[in-house]
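Before any comments, here is the structure.
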Amino acid sequence: MARSGQPPRVAIIGGGIAGLSAAYRLSELAAASETPLEVALFEASDRLGGPLETIRRDGFVIETGADSFLSEKPWALQLAERLGLRGEVIATQEQYRKTYVVREGRLVELPEGFSLLAPTFIAPVLRSPLFSWRGKLRILLEPLIPRRREESDESLARFVTRRLGREVLERIAQPLAGGIYTADPESLSIAATMPRFVEMERNKGSLVRGLRVAAHGRAAEARGTSGARWSLFVSFKGGIAAIIDALAARLAQSIHRRARVIELNQRPEDADSVTPRWRIRFADGAEFDADAVVCAAPAYALAPLLEAHHAQLAAALAGIRYASAATVAMAFRTADFPRLPRSFGFVVPIVENRRIIAGSFSSLKFAGRAPDGMVLARVFIGGALQSEMMALDEDAMITAAREEFAALLGVAAKPALVCVRRWPESMPQYEVGHLERVAAIEREAGALKGFALAGAFMRGVGIPDCVHCGEAAAEAVFAAMTSGG
């Protein structure tokens with residue numbers, strides 16, 4: 001099996017954004033250092049990008065997964081610049097930067113300045129119909145609640161209830177967290193998902209005080225908006241898949257589709273130094289030898305590959321649960337809306353007992369997503385708290401989406417276009433203790449020579465986090481190879 005005289009090989013398992021970013025970063029490092037290197041990326045399906053997919057049809061730009069990413073985390077934007085996409089980056093449309101919450105069957109605007117879990121300003125909360133007077137009083141008491149002294153992790157539900165009360169959890173925190181993580185707040189780790197709020201409590205003793213300090217100097221931006229800081233979200237003119245397409249074009253010679261890995265073996269420690277460290281076997285019987293491997297597939301797909309030789313690592317990976325979700329995109333005429341919602345979308349608290357977890361208006365969020373006179377919308381179904389919805393067939397999902405839009409928005413017309421995408425086991429669940437679990441995974445993986453992990457199951461589910469994770473894995477294996485490690 002010796003490959004004496006051949007350039008080192010790196011195999012990347014998984015063709016999502018993390019795997020593609022790792023492959024591209026390796027090509028950059030090799031070119032910059034003039035180091036011969038062979039990179040091979042193996043994707044089990046016939047398409048790249050995982051749940052990042054853009055469908056362009058009849059003048060519509062339909063996102064079936066994530067439709068944007070945070071510019072505040074620099075890694076995705078930096079990658080876009082290196083790929084020549086900086087001129088394609090677009091921001092959200094300012095006039096629609098509002099978020100609504102379903103409350104007793106109506107869409108109610110999230111109070112101005114409410115930042116995911118807590119308010120920056122108290123007056124809008126007092127005016128909001130989202131909360132009872134008892135709930136409002138509980139929010140007013142937040143600065144008086146003693147800070148937590150324990151260092152251990154806790155659930156988002158416990159954190160929010162402890163600081164702001166049950167109403168904030170049920171009416172804002174749960175649906176917003178559900179929209180981001182498709183998760184159950186009772187098991188979702190606050191430290192792994194929203195660490196800045198943990199730091200605010202620890203350093204300021206109050207979330208309200210912490211948010212006011214953070215808002216200093218950007219009050220003009222914070223006022224007049226609700227929900228997330230929407231000015232920080234960006235996409236591409238042609239859709240989020242533009243970055244996937246650009247990476248695929250740059251890496252065309254390295255990509256192998258429909259290459260399902262069924263076995264990953266490490267060579268014995270006493271084997272000669274010119275023998276590749278890893279042998280990969282595929283479902284079709286083919287084999288590939290590599291000097292290093294970056295595993296960027298979901299944790300549940302990697303665990304069986306490692307179980308025979310690295311049982312502890314495999315068990316830790318298998319312990320990460322995933323949730324499933326689906327999106328239903330629908331196009332309507334502007335005239336089909338009794339009143340056009342001037343917002344990016346709405347979230348649905350589980351206490352409302354509805355069949356969707358959120359809705360968004362793609363053509364209001366970003367320009368150029370629909371022809372003139374049309375509104376492109378998306379409905380989100382499933383998640384950890386409504387997993388039974390994933391058992392519905394496509395027609396039943398469409399029916400549920402249409403009926404909820406009729407009930408909440410008064411849109412009774414038949415959509416001009418419908419597109420359904422299922423994403424089974426697509427969202428890793430950052431349960432309480434997730435950071436400790438990932439640290440243990442990293443320790444186990446770090447003991448393996450020529451091996452690195454990357455993906456949304458590690459330290460962030462967003463596009464920038466996955467880019468960063470993939471690039472860090474690439475840099476680690478490249479440094480080890482070029483240093484003789």
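The values are calculated or read from the model by the stated rules, or taken from the named source; none is laboratory data. Every value quoted in this text rests on a predicted model; they were computed, and no experiment measured them. We place every Cβ from the backbone using ideal geometry, glycine too, and count neighbours over all the protein chains shown.
Numbers for the structure displayed
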{"quantity": "Number of the exception - residue 59 against (1) under 18 Å from residue 248 (Cβ atoms); (2) modelled with pLDDT of 95 or more", "calculated": "(1)"}
{"quantity": "Any hit, segment 82-96, residues being at pLDDT 95 or above, acidic (Asp, Glu) and within 24 Å of residue 177 (Cβ to Cβ)", "calculated": "no"}
{"quantity": "Candidates 471, 475, filtered to the one that is assigned to a helix (DSSP H, G or I), within 17 Å of residue 34 (Cα to Cα), in contact (Cβ under 8 Å) with a residue 40 or more places away in the chain and not assigned by TED's automatic domain parsing to the domain that holds residue 193", "calculated": "475"}
{"quantity": "Subset of segment 118-130 (residues that are buried (at least 20 other Cβ atoms within 10 Å of the Cβ) and not in a loop (DSSP other than H, G, I, E, B))", "calculated": "118, 119, 125"}
{"quantity": "Qualifying positions in segment 239-278 - in a loop (DSSP other than H, G, I, E, B) and at pLDDT 90 or above", "calculated": "239, 240, 241, 251, 257, 258, 259, 260"}
{"quantity": "Condition broken by residue 396, with the remaining ones in (1) part of a loop (DSSP other than H, G, I, E, B); (2) at pLDDT 95 or above; (3) surrounded by fewer than 19 Cβ atoms within 10 Å (Cβ to Cβ) satisfied", "calculated": "(1)"}
{"quantity": "Residues being under 18 Å from residue 470 (Cβ atoms) and not small (Gly, Ala, Ser) - total across segment 54-76", "calculated": "5"}
{"quantity": "Listing of helices (runs of 4 or more DSSP H) fully contained in segment 283-371 that carry 2 or more residues being surrounded by 16 or more Cβ atoms within 10 Å (Cβ to Cβ) and in the same structural domain as residue 268 (by TED's automatic domain parsing)", "calculated": "299-306, 311-318"}
{"quantity": "Among the candidates 280, 244, residue that is among the β-branched types (Val, Ile, Thr) and touching a helix residue (DSSP H, G or I) at 6+ places or on another chain (Cβ under 8 Å)", "calculated": "244"}
{"quantity": "Residue ID - surrounded by the most Cβ atoms within 10 Å (Cβ to Cβ), chosen from residues in segment 456-483 that are small (Gly, Ala, Ser) and closer than 14 Å to residue 17 by Cα", "calculated": "470"}
{"quantity": "Residue identified as out of contact with any helix residue (DSSP H, G or I) (no Cβ under 6 Å at 6 or more places or on another chain) and either within 26 Å of residue 473 (Cβ to Cβ) or not assigned by TED's automatic domain parsing to the domain that holds residue 351 (or both) among 119, 124", "calculated": "124"}
{"quantity": "Those residues of segment 132-186 which are at positive phi and at pLDDT 95 or above, in sequence order", "calculated": "165"}
{"quantity": "Considering residues of segment 372-393 that are outside any helix (DSSP H, G or I) and out of contact with any strand residue (DSSP E or B) (no Cβ under 7 Å at 6 or more places or on another chain) only, the residue surrounded by the fewest Cβ atoms within 10 Å (Cβ to Cβ)", "calculated": "372"}
{"quantity": "Unique match (being touching a Cys at 6+ places or on another chain (Cβ under 7 Å), in contact (Cβ under 8 Å) with a residue 24 or more places away in the chain, closer than 24 Å to residue 298 by Cα and of a type in the set (D, E, K, R)) among 422, 459, 437", "calculated": "459"}
{"quantity": "Residue selected from segment 147-172 under the condition touching a residue at least 24 places away in the same chain (Cβ under 8 Å) and outside any helix (DSSP H, G or I), by the criterion surrounded by the most Cβ atoms within 10 Å (Cβ to Cβ)", "calculated": "165"}
